[in-house]
Amino acid sequence: MSPALAQRALLLAAVTLLGGVIAPPGGGWYEALAGLESQRVYGRPTACGHVLERSTMGFAHPVLPCGAKIYLGHAGKEVLTQVVARGPTPRGVQFGLTEALARELGISGRGTIRWRFARRT
């Protein structure tokens with residue numbers, strides 16, 4: 001891993017951890033750029049242990065732990081989903097969406113999403 005990529009991953013981890021610690025009740029929303037995962041990931045096992053199918057609802061993230069549950073919002077829709085794969089994500093985006101999740105949110109290609117951690121019960 002290049003030093004710049006390692007530094008970015010460390011920064012994202014710190015922001016994620018800080019957001020989880022100081023998030024207001026109900027959770028704060030953050031913005032990020034999301035894009036579709038590559039077609040070549042389907043049918044293969046991920047580092048999180050999932051075999052991705054076109055119907056899999058989830059996303060890849062380079063820092064968030066496997067199985068972390070978050071809400072993603074876009075265009076008035078909000079979906080509870082989870083990390084099903086580790087990065088790398090498509091170039092220039094923080095969240096790599098599966099086809100099913102992108103379709104549910106109404107994203108084709110790339111788009112800005114809102115996200116927040118799901119509350120633990």
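Each reported figure results from applying straightforward, stated rules to the coordinates on display, with no laboratory input. The model shown is predicted, which means the values in this text are computed figures rather than measured ones. Cβ sites come from the backbone with ideal geometry, for glycine too, and all protein chains shown count toward neighbours.
Structure data summary
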{"read-out": "Neighbourhood net charge (11 Å Cβ-Cβ; Lys/Arg +1, Asp/Glu -1) for V93", "value": "+1"}
{"read-out": "Relative contact order for the stretch 47-86, counting Cα pairs under 8 Å that sit 6 or more residues apart, in percent", "value": "52 percent"}
{"read-out": "Average Cα contact separation per residue, the stretch 32-109, under 8 Å, 6 or more apart, as relative contact order %", "value": "42 percent"}
